[in-house]
Amino acid sequence: MKVALVACVCAASAALVAGSAPAFEHEARVSCPRGALAFGANAIGPASRAAVARERTSSRPQVVQAEIASDEERGGMVKHQCGSKDASRTVVVYITLRKFLPSASLSERVSFVSHFRSGWRVWEIAH
């Protein structure tokens with residue numbers, strides 16, 4: 001098992017040095033909320049509902065925080081990836097998946113949500 005893990009790490013390192021990324025890195029592509037609409041009076045409520053609706057009810061999701069991306073720590077991530085305009089049209093929703101507590105890694109979800117003509121939609125899961 002250790003030999004396989006070392007081989008995988010070595011292959012990934014060699015691919016990065018050679019200038020090509022390993023196959024699993026191609027799955028983590030940056031998406032941006034192209035076509036997102038400007039917010040109305042209350043963006044937090046509908047964005048939070050959209051983020052929770054995306055989760056399985058069996059994971060017992062609970063919104064613990066939600067903020068406009070341009071005003072929040074994760075907003076820097078959105079701004080860097082997609083620009084200021086998209087950051088100002090994104091709500092960062094923090095959800096605790098209570099089924100997976102006490103594991104911090106498994107129970108934390110950070111969703112980027114924007115409003116589109118079709119409605120509120122999660123366009124990226126940051127964690």
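Nothing in this text is a laboratory measurement; each read-out follows from the coordinates by a stated rule. As the structure is a prediction and not an experimental result, all values here were calculated from the model. With ideal geometry, Cβ positions are generated from the backbone for all residues, glycine too; neighbour counts draw on all protein chains shown.
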All-pairs alpha carbon distance profile, the range 25-127, 10 Å steps from 0, percent: 17, 48, 30, 5
Chain lengthening between I44 and R56 when straightened (0.36 nm per residue, less Cα-Cα): 2.3 nm
Sequence-separation-based contact order of the range 31-125, relative, with Cα cut under 8 Å and 6+ spacing, percent: 34 percent
Sum of side-chain charges, S105 neighbourhood, beta-carbon under 15 Å (Lys, Arg +1; Asp, Glu -1): +2
